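Just so it is clear, none of the values below were taken in a lab; they were calculated from the coordinates. Note that the structure is predicted; figures quoted are calculated from it, not measured. Counting neighbours? That spans all protein chains shown, and the Cβs are built from the backbone with ideal geometry, glycine included.
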Amino acid sequence: MEEVRNRQSISLPEVKEILGMVEPEYMDQIQRWTYDYVSKFSDITSEDAREMKSMLVNDCNLTEDEAVEIVNIRPTSIAELRSFTFGWKKLILAETLEKMLQIIKKYSPPK
């Protein structure tokens, strides 16, 4: 069994990018299912996801895990954001929630 050398949280668009480098015939069943899932549910580029994650970490003082959660879900209101941040068991100021929402909107495709 191999030793884990590094642990990093990555967003769904980043997973799609990584799995997209592998030919489908070389993927195992879990990888194919995962690629199918991320292809259906990630509608931003991996570059935008990385930028959004970086801004959330640097500008909003989120951990990388918290930022990835926000990138993957991309809540659209303060109420939705609060439902996620409540589970983190730390107080996030209203101004920070507003800043988070602005970052999310910047990288979310128009509906």
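Per the listing Val57, Val38, Val71, the residue uniquely surrounded by 13 or more Cβ atoms within 10 Å (Cβ to Cβ) and in contact (Cβ under 8 Å) with a residue 60 or more places away in the chain is Val71.
In the set Arg32, Arg82, Arg5, which member is surrounded by fewer than 13 Cβ atoms within 10 Å (Cβ to Cβ), of a type in the set (Lys, Arg) and farther than 17 Å from Pro109 by Cα? Give the steps one after another, and end with the answer.
Details: Arg32 fails: surrounded by fewer than 13 Cβ atoms within 10 Å (Cβ to Cβ); Arg82 fails: surrounded by fewer than 13 Cβ atoms within 10 Å (Cβ to Cβ).
When all the criteria are applied, what remains is Arg5.
Determine if segment 75-96 includes at least one residue that is in a helix (DSSP H, G or I), touching a residue at least 24 places away in the same chain (Cβ under 8 Å) and touching a helix residue (DSSP H, G or I) at 6+ places or on another chain (Cβ under 7 Å). Scanning segment 75-96, I find at least one residue that is in a helix (DSSP H, G or I), touching a residue at least 24 places away in the same chain (Cβ under 8 Å) and touching a helix residue (DSSP H, G or I) at 6+ places or on another chain (Cβ under 7 Å), so the answer is yes. Only a single criterion out of (1) in a helix (DSSP H, G or I); (2) surrounded by 13 or more Cβ atoms within 10 Å (Cβ to Cβ) is not satisfied by Lys106, namely (2).
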